[in-house]
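Here's the structure, in structure tokens; my notes come after.
The values are calculated or read from the model by the stated rules, or taken from the named source; none is laboratory data. None of these values were measured; they are calculated from a predicted model. Backbone-built Cβ (ideal geometry, glycine too); neighbour counts: all protein chains shown.
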Amino acid sequence: MSDKKKEEVKIKKDTKEKTPSKAKLKPTKLCSAPDFPYHDRELSWMDFNSRVLEEAFEKDNPILERLNFLAITASNLDEFFMVRVAGVMDRLHSPKGKKPDESGMSAQKQFDLLTDKIHDFSKKQYSCLNRSLIPALKKNKLRFLKIDELNKTQRTEVDRYFDKMIFPVLTPLAVDTSRPFPLLANKSLNIAVRLSKEGEDIFAVVQVPSIVQRYFEVSSENGRSFVLLEDIITDKLSQLFELYQIKAYLPFRITRDGDLDIDEEADDLLVEIKHSLKKRQRGDPVRLELAVRGDEALRNFLVDMLDVSSKEIYEVNGPLDLTFLSRFARLDGLDSLRFRPIVPVDPPADFFGYEDMFQAIREKDRMVHHPYESFDSVIKFINQAAKDPDVLAIKQTLYRVSGHSPIIAALIKAAENGKQVTVLVELKARFDEENNIGWAKKLEKAGCHVIYGLQGLKTHCKIVLVVRKEEDGLRRYLHMGTGNYNDSTARFYTDIGMFTCNEEFGEDASSLFNVLTGYSTPPVYNKMKVAPTGLRDFFEEMIRHETENAAAGLPSGIVAKINSLVDPSIIRLLYAASQAGVKITLIVRGICCLVPGIKGISENITVRSIVGQLLEHSRIFIFENGGNRKIYMGSADWMQRNLDKRVELVFPIEDPDLIDRSFGIIETLLRDVLNTRVQAPDTSYDLLDRRGKKPHNCQREFSEMAKKALAAKETVVIEENRFKPLTGNTHKI
């Protein structure tokens with residue numbers, strides 16, 4: 001059956017069948033002031049993770065994609081505990097913790113509601129795994145076997161694998177008066193063991209090695225079968241403790257506080273961050289995961305050793321650390337059990353027919369929409385700059401890059417070719433600190449001038465500036481984008497980049513880099529809107545302007561596509577705009593503290609969330625502006641940190657062709673009915689009612705648009721090169 005037919009079949013099903021209520025979390029009653037409804041940030045984030053979990057329950061999604069969605073929820077939750085839950089726990093013990101926040105809650109109230117919600121969510125994760133995914137895997141002849149389910153041949157394979165690959169790397173750790181409880185690594189999977197010798201209980205810990213794959217495939221006559229690593233180890237515990245009797249064992253996992261406390265006034269920021277990274281593995285426990293119905297003595301032993309409260313303990317009915325399912329979902333030979341891949345077109349239509357990217361950009365501004373159009377265009381831009389003898393300088397910001405970054409390789413080549421290369425590598429990019437330290441050192445070694453960021457701020461803007469010598473003088477070429485210069489995440493994050501050599505943009509870029517690399521006073525920019533010096537004022541002014549236009553009877557309206565909406569000041573202004581009659585459409589993938597649809601407050605505001613095959617990441621802002629619509633893109637969400645504590649960049653789209661295309665992107669997003677959920681006034685989210693609507697999937701449609709745009713350019717070239725018959729007087733032979 002074709003994909004189009006499949007989507008048509010999907011749409012015929014009743015929406016309720018596609019909205020698995022068992023995946024939903026109960027909406028939280030708002031505690032904030034009636035005239036300023038504000039949904040708690042952390043609870044809103046849990047609602048977002050619940051929307052991802054719904055995709056794991058969704059039976060129309062391919063089974064391996066459903067496994068991957070479940071793994072994503074687990075990975076998301078790990079990071080959430082390490083940073084956000086840890087922060088709430090810190091606030092609990094702070095004098096400020098008793099003071100209500102914007103949502104009207106004290107730290108204790110917030111912690112209680114949050115942990116209750118997480119416990120409920122955790123149960124739904126394992127209900128999804130046990131009741132939905134494992135049966136679906138079996139239907140597709142994929143099985144996870146317990147040790148007692150193995151046949152003789154499979155048992156022999158497991159025994160051999162343990163002896164050769166697992167046993168040599170295991171280190172059983174006894175815990176007694178002379179050997180204290182070990183300092184276990186953050187997020188490591190472990191097995192607590194209760195042993196007995198001569199009637200005396202002794203405890204030990206075995207760490208499940210992270211360097212060994214979590215599952216082992218055994219031979220199978222029908223389909224494919226796997227055994228979990230921890231099941232193999234627990235079956236062989238007697239070989240690790242030969243002098244003792246195994247009384248009980250209990251798999252467990254610790255999540256630690258992972259938010260770094262960095263002294264930004266240290267003499268060497270790089271050394272300070274390296275020192276802080278070591279603390280991440282030794283942070284206080286914020287979550288203890290245990291196998292459900294485990295041995296009571298072992299449970300008490302762990303609680304005592306780790307000093308955790310009952311609310312920090314999560315008992316689960318299944319394997320701990322479901323993030324391993326992401327790798328499992330990438331098994332070879334099972335493409336039919338995955339989404340049809342979205343393959344980027346290369347080159348993007350805007351660059352078709354151009355070997356020289358500088359020539360293309362000189363002619364007009366160019367736009368690339370990832371991953372529908374290849375990220376290689378960005379890499380090619382920097383590579384060409386690195387090799388071009390007329391290029392004098394390259395300046396770039398890097399927030400998150402891949403492990404084998406072609407961008408870094410191009411910058412190193414540029415420096416080796418004698419270009420002046422300046423790179424701001426943000427060392428404080430959370431969970432990418434170590435990776436960025438490594439790249440910073442390599443860039444410095446190659447001769448690049450490397451800046452580690454600004455004190456008190458994270459540099460989150462996405463910009464490349466290339467200075468080139470040409471016949472009429474120096475010309476500045478720019479790439480500005482909504483996403484990181486990361487060729488890996490560019491395959492599944494939706495982002496937009498614009499190339500330009502507009503002189504006013506070039507002046508702004510030079511001014512921005514002077515601020516980043518020196519002691520320049522932040523300038524008045526021609527085109528760009530930059531945080532933390534002017535972006536908040538810009539957004540607030542634009543929202544007020546729409547409010548004034550509505551009051552004056554002029555065309556008004558706001559559309560914003562962002563990842564998160566948290567900032568109280570922005571939310572207050574949006575409420576005021578709604579009350580003035582401004583129609584506001586928000587496409588917010590994740591956290592949304594604004595509450596839409598409340599009569600007299602936010603009835604003119606709708607909030608949508610798109611969760612699909614790709615991760616929506618681009619930020620787009622449209623203001624009706626009295627009928628002369630303005631559109632902007634950039635790196636900033638509507639959060640305090642983006643507007644006040646980061647260097648962010650938002651830029652206008654001014655080329656007429658790109659303006660039309662940008663409005664078309666928003667229109668396509670708003671047509672989507674297959675990936676879109678709408679927020680209700682009680683903060684819950686529901687899939688759109690699809691009955692009677694065409695089955696629009698914006699991500700699939702963007703992919704088709706990119707293919708058609710390129711095909712149209714190719715057709716023009718074919719037509720131009722086609723042999724043409726002679727006309728006019730001809731001689732007969």
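What residue, among those in segment 313-339 that are hydroxyl-bearing (S, T, Y) and either without any contact (Cβ under 8 Å) to a residue 40 or more places away in the chain or not in a loop (DSSP other than H, G, I, E, B) (or both), is surrounded by the most Cβ atoms within 10 Å (Cβ to Cβ)?
Selected residue: Y314.
Here are the criteria: (1) among the hydroxyl-bearing types (S, T, Y); (2) touching a residue at least 40 places away in the same chain (Cβ under 8 Å); (3) surrounded by fewer than 18 Cβ atoms within 10 Å (Cβ to Cβ). Tell me which single one Y354 does not satisfy.
Evaluating Y354 over (1) among the hydroxyl-bearing types (S, T, Y); (2) touching a residue at least 40 places away in the same chain (Cβ under 8 Å); (3) surrounded by fewer than 18 Cβ atoms within 10 Å (Cβ to Cβ) leaves (2) as the failure.
Would you pick out the residues in segment 468-478 that are touching a residue at least 40 places away in the same chain (Cβ under 8 Å) and either polar (S, T, N, Q) or surrounded by fewer than 24 Cβ atoms within 10 Å (Cβ to Cβ) (or both)?
Those that are touching a residue at least 40 places away in the same chain (Cβ under 8 Å) and either polar (S, T, N, Q) or surrounded by fewer than 24 Cβ atoms within 10 Å (Cβ to Cβ) (or both): R468, K469, E470, L474, R475.
Looking only at strands (runs of 3 or more DSSP E) that lie completely in segment 574-648, which have at least 1 residues being hydroxyl-bearing (S, T, Y) and at negative phi?
Filter on segment 574-648 gives 584-588, 605-610, 630-634.
Of the residues I342, I361, I382, which is in a loop (DSSP other than H, G, I, E, B) and closer than 30 Å to V464 by Cα?
Testing whether each residue is in a loop (DSSP other than H, G, I, E, B) and closer than 30 Å to V464 by Cα leaves just I342.
Please name all residue pairs, on different chains or six or more residues apart, with Cβ atoms under 7 Å, provided the first residue is in segment 294-308 and is touching a residue at least 24 places away in the same chain (Cβ under 8 Å) and not assigned by TED's automatic domain parsing to the domain that holds N190 and the second residue is of a type in the set (A, V, I, L, M) and assigned to a loop (DSSP other than H, G, I, E, B).
Filtered contacts from segment 294-308: no entries.
Any residue in segment 410-428 that's assigned to a strand (DSSP E or B): show its pairings with residues that are among the small types (G, A, S) at Cβ separation under 7 Å, as long as the two are six or more apart or on different chains.
Within 7 Å, the pairs are Q420/A393; V421/A414; V421/A415; L424/G453; V425/A440.
Could you list, in sequence order, the residues of segment 100-120 that are crowded, with 21+ Cβ neighbours inside 10 Å and of a type in the set (S, T, Y)?
Hit for segment 100-120 is S103, nothing else.
Residues V158, V206: which one is touching a Leu at 6+ places or on another chain (Cβ under 7 Å), β-branched (V, I, T), within 30 Å of P62 (Cα to Cα) and buried (at least 18 other Cβ atoms within 10 Å of the Cβ)?
V158
Six or more apart or on different chains, Cβ under 8 Å: which pairs go from a residue in segment 103-129 that's aromatic (F, W, Y) to one that's outside any helix (DSSP H, G or I) and modelled with pLDDT under 95? Could you list them?
F121/L25
So which residues in segment 285-312 are part of a helix (DSSP H, G or I), out of contact with any His (no Cβ under 9 Å at 6 or more places or on another chain) and under 16 Å from I118 (Cα atoms), if there are any at all?
Matches in segment 285-312: S310, E312.
Quick grid of which residues meet (1) in a strand (DSSP E or B); (2) closer than 30 Å to P27 by Cβ; (3) not acidic (D, E):
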residue: D112; (1), (2), (3): no, yes, no
residue: D120; (1), (2), (3): no, yes, no
residue: K124; (1), (2), (3): no, yes, yes
residue: S132; (1), (2), (3): no, yes, yes
residue: E157; (1), (2), (3): no, no, no
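Just to be sure I understand, how many residues within segment 116-137 are of a type outside the set (A, V, I, L, M) and more than 18 Å from R51 (Cα to Cα)?
Summing the residues that are of a type outside the set (A, V, I, L, M) and more than 18 Å from R51 (Cα to Cα) in segment 116-137 gives 3.
Given S635, S578, which one is in contact with an Asp or Glu (Cβ under 9 Å, 6 or more places away or on another chain), in contact (Cβ under 8 Å) with a residue 60 or more places away in the chain, of a type in the set (S, T, N, Q) and surrounded by 19 or more Cβ atoms within 10 Å (Cβ to Cβ)?
The unique qualifying residue is S635.
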